[in-house]
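A short reminder: the numbers here are calculations on the coordinates, not readings from a lab. The structure displayed is predicted, hence computed values, not measured ones. Glycine gets a Cβ as well: all are built from the backbone with ideal geometry, and neighbour counts include every protein chain shown.
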Amino acid sequence: MKRSVLAGLVVSLAVLAIALVMSQGSSPSPSVALSPAIEQEVSMRISSPAFEDEGDIPAQYTCDGDDISPALLLEDVPDDTVSLVLVMDDPDAPSGTWDHWVVYDIAPLTEIPEDVQELGTAGANSWGDKGYGGPCPPSGTHRYFFRAFALDIRLGWEEGVDKTSVLEAIHGHVLTEATLLGFYSRE
């Protein structure tokens, strides 16, 4: 009798563990907690004049083109935003989520110009470089998430900090966030 209860418990735990692992696999980056000072959800939006949400990213913004950053528009940035963080990543990369662009300590704004060179403090992408690195999948169609976070703090760090460290540091300081999804394919 005790063996069947133990076996049932082991099977239940295994199923739970598998479900947890599978649910973690498709996320572009860890979720970030909102600031405790937030009483209601603010719905900031991010878009691009270069492509629609869930649309194809034009080749000029990729390694197959000029490899320049697309223009981005931010709407409804909270008035009490101290700084912004921008992250672009590809959760479909063969080696795991690939970070294409990490920028922090961006002064509150509503427009990021195309091929921007001066924007906040540049973090490290997965190539080990600072700045934008466009979509460049080895093959197939990949998803690219552009995520903007409005913060109640400024990090004050030097250049070159990676995405994981940035997302850990902003935990609990996010006023709101917005996501733009683009696709890019290579044969």
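How long are the three semi-axes of the equivalent ellipsoid of segment 85-148, in whole Å, if each is the root of 5 times an eigenvalue of the C-alpha gyration tensor, listed from largest down?
Values: eigenvalues 98, 28, 20 Å².
Its equivalent ellipsoid spans semi-axes of 22, 12, 10 Å.
So what are the ³J(HN,Hα) numbers for segment 99-112, from phi and the Karplus equation (6.51, -1.76, 1.60; θ = phi - 60°), rounded to whole Hz, Gly and Pro as x?
Taking θ as phi minus 60°, the curve returns 8, 9, 7, 9, 9, 9, 6, 7, 4, x, 8, 10, 9, 10 Hz for segment 99-112.
Lys and Arg at +1, Asp and Glu at -1: add these up for the other residues within a Cβ distance under 10 Å of A71 and post the number.
Net charge in that neighbourhood comes out at -3.
Just need the Rg to Rh number for segment 30-186, please, alpha carbons only, Kirkwood Rh.
0.95
Which one, G123, T141, P113, projects farthest toward the positive side of the charge dipole computed for segment 72-162 from Cβ point charges (K/R +1, D/E -1)?
It is T141.
Karplus couplings for segment 152-158 from phi (6.51 cos²θ - 1.76 cosθ + 1.60, θ = phi - 60°), rounded to Hz, Gly and Pro as x?
Coupling constants for segment 152-158: 9, 9, 10, 6, x, 8, 6 Hz.
Using the Karplus curve 6.51 cos²θ - 1.76 cosθ + 1.60 with θ = phi - 60°, what ³J(HN,Hα) values do you get for each residue of segment 57-72, in whole Hz, with x for Gly and Pro?
Each residue of segment 57-72 in turn: 7, x, 4, 4, 9, 10, 5, 8, x, 7, 6, 10, 6, x, 5, 10 Hz.
Note down the net charge around F145, summing +1 for each Lys or Arg and -1 for each Asp or Glu among other residues with Cβ under 12 Å from its Cβ.
In short, -4.
When a footprinting reagent is the concern and you count Cβ atoms within 10 Å, what order do T164, T97, T121 take, fewest first?
The most exposed by this proxy come first: T164, T97, T121.
Taking H as built 1.01 Å from N, whose amide H comes closer than 5 Å to the amide H of L175, not counting residues under 5 places away?
S35, A150, L151, D152
In what sequence do I112, I153, I46 fall when counting other Cβ within 10 Å, fewest first?
By the 10 Å Cβ count, ascending: I153, I46, I112.
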